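Participant: First, the structure itself, so that you have it in front of you.
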Amino acid sequence: MRHLIRFAAVPVLLAAAACAHGPEAPPPPPNYALPDAQPAGPHARLYADCIRLAASAGHYRQVIDGGDELLLFTCSGSIAEAFWAALEPHSAAMDSGWEHDGRRYRSTARVQRNLIGVDYCTVDASGGDARCVLTFKAGDFLIAGD
């Protein structure tokens with residue numbers, strides 16, 4: 001009787017496993033409604049000012065990395081200094097600061113693997129020469145023009 005119970009349970013377990021690994025439900029259709037937006041705060045102004053300065057000076061480049069198509073905008077001067085200063089409490093709370101090649105860095109997010117997709121500001125050892133690098137995820141259109 002004990003063997004009969006074991007053999008009877010096998011088809012039930014196989015059926016449950018098949019259900020658990022069956023085809024996935026199709027994704028829902030895209031939602032084309034515009035997302036709700038609110039007025040931008042002071043940190044958004046830092047982003048906008050840095051990108052504006054970098055674009056007007058031609059200080060942008062592209063990175064294609066494993067399916068990520070990115071534009072990197074680099075600003076300097078007073079806008080980068082203000083961004084660097086504003087990042088101090090955020091970076092300290094997240095432990096997202098480091099030193100590398102004689103420069104100090106603060107980032108808006110912790111670096112996971114590398115700097116791809118991470119916004120950051122950097123200064124030299126004396127605290128001067130501020131520069132910020134901001135990432136814009138562009139998508140396939142960026143490489144379509146090549």
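Here, each number is a calculation from the coordinates, and none is a lab measurement. Here the structure is a predicted model, which means the values were calculated and not measured.
Participant: Give me a comma-separated list of calculated 3J(HN,Hα) values for the range 46-60, in order, Karplus coefficients 6.51, -1.76, 1.60 applied at θ = phi - 60°, integers in Hz, x for any Gly or Pro.
Facilitator: 4, 4, 4, 5, 5, 5, 4, 4, 4, 5, 5, 8, x, 9, 9
Participant: Further question: For the range 57-124, what relative contact order do you get, as a whole percent, if you take Cα pairs closer than 8 Å and at least 6 residues apart?
Facilitator: The normalised contact order for the range 57-124 reaches 22 percent.
Participant: Something else about it: Expressed as a whole percent, how much of the Cα-Cα distance distribution for the range 42-144 exceeds 22 Å?
Facilitator: Summing the P(r) tail past 22 Å for the range 42-144 gives 28 percent.
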